[in-house]
Amino acid sequence: MKNVKYNENYSYEDVEAICKFLLEKSHYRPKIGIICGSGLSNLADILQEQEVIAYSDIPNFPTCTVQGHRACLVFGILNDKPVICMQGRFHKYEGYSTSKVALPARLMYLLGVEIMIVTNAAGGINSDYDPGNIMIIKDHINFPGMAGGSVLRGPNDERFGPRFPTMNNVYNDKLRELVKVAAKNCGISNIREGVYCFLGGPSFETVAELRFLKAAGVDAVGMSTVPEVVAAGHCGLKVCGLSLISNKAIMDYDTDDKPNHEEVLDTGKTSCANIQSLVSDLLRLIEV
Ligand SMILES: O=P(O)(O)O[C@H]1O[C@H](CO)[C@@H](O)[C@H]1O
Ligand SMILES: Nc1nc2[nH]cnc2c(=O)[nH]1
């Protein structure tokens, strides 16, 4: 990929400079931030009175290298609340530095966001899950983080948060309850709640790895979200995590089925409307 800068570090001052640029460019002062997962960029379409800024027009802002991430920032209004929506995230497997993967959460924090809604596409490990189901993330397993690859690894800048942040209730319990109410209001009956596991990717899992994850209590697996959530928890944002189950994890050897990114994007296309109505009603219920 040409002209992609992978390794530069984003200091507090760098994030502050991006924040200043955006606050000068937009009159919005968002209280809620949304990150769109793979194939879910259309989630931003529910915002009204949009101001769209391409990532490439923001000085010192990373780009997206993964198909299904539109690489635009959208400011707008949803149910009377000012919102910023990121159409595209930065995955660790793309080769980005940890501070670049943490950038969306830290930028939202400096912009004054209080609640971050993070979405992703994930493989369903729980045998009750089907493609198209939406899973409220109750908790996560940070596989790389458990082995020293945390997004917070390195010198700690106290202006973002403490050296040793708690991750208890990082997926805010009150927001999880509100999502369930919103699901009922929207007639989404197949809402799930479970544990998301973050793996480094970009290869999909082997059968043995999936069986291991299932035994460890994982319901859905993906290659994102957790670094953003850890960075958000570090700076005190409330988080709501939603996984769209885009494919069923293949746990058997005697099948020719294989996971693939096209299937992930296709499920995003067919299920985005459900996530749109869910998030829209959630914002109606949220008080900020
Ligand atoms: O987590 P998001 O960005 O939604 O994307 C998921 O889908 C891609 C694989 O198809 C991986 O990037 C995985 O993490
Ligand atoms: N690791 C992983 N990430 C995904 N993203 C969407 N589906 C999958 C999957 O099956 N595995």
Open item on the list: How much of the DSSP bridge set in the chain is antiparallel, in percent, rounded to the nearest 5?
Closed with: 35
TODO: Could you pull out every whole DSSP H run in the chain that spans at least 30 Å of Cα extent along its own axis and averages -1.0 or higher on the Kyte-Doolittle scale?
DONE: 261-285
Open item on the list: How big is the dipole moment of the chain about its Cα centre under a simple scheme where the beta carbon of each Lys and Arg is +1, that of each Asp and Glu is -1, and everything else is neutral? Debye, nearest 20, please.
Closed with: 520
Task: Highest-first arrangement of 277-284, 114-121, 158-165, where packing means the average Cβ count within 10 Å - done: 114-121, 277-284, 158-165
TODO: Mind giving me the FRET efficiency for Val207 and Arg153? R0 is 30 Å, r the Cβ-Cβ distance, nearest 0.05 is fine.
DONE: 0.45
TODO: Treating cross-link reach as a plain straight distance, find the aspartates and glutamates whose alpha-carbon is under 17 Å from the alpha-carbon of Lys269, omitting any fewer than eight places away in the same chain.
DONE: Asp45, Asp130
Open item on the list: Testing the spin-label approximation: label points 7 Å from Cα along Cα→Cβ at Thr270 and Gln50. State their distance in nm.
Closed with: 2.5
Task: Global geometry of the stretch 151-288, whether rounded, prolate or oblate, following the gyration tensor of its Cα atoms and the 1.5 cut on a/c - done: oblate
Task: Ranked Phe212, Phe143, criterion: other C-beta atoms within 10 Å, fewest first - done: Phe212, Phe143
- [ ] Note down the nm distance, to one decimal, between modelled labels 7 Å out along Cα→Cβ at Thr63 and at Ala215.
- [x] 4.4
Task: Over the chain: helical MRE at 222 nm, DSSP H runs n ≥ 4 each giving -39500 (n - 2.57), nearest 500 - done: -9000 deg cm²/dmol
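All of the numbers you see were taken from the coordinates with simple rules; none came from a lab. Just so we're clear, the structure is a prediction, and the values are computed from it rather than from any experiment. Glycine gets a Cβ as well: all are built from the backbone with ideal geometry, and neighbour counts include every protein chain shown.
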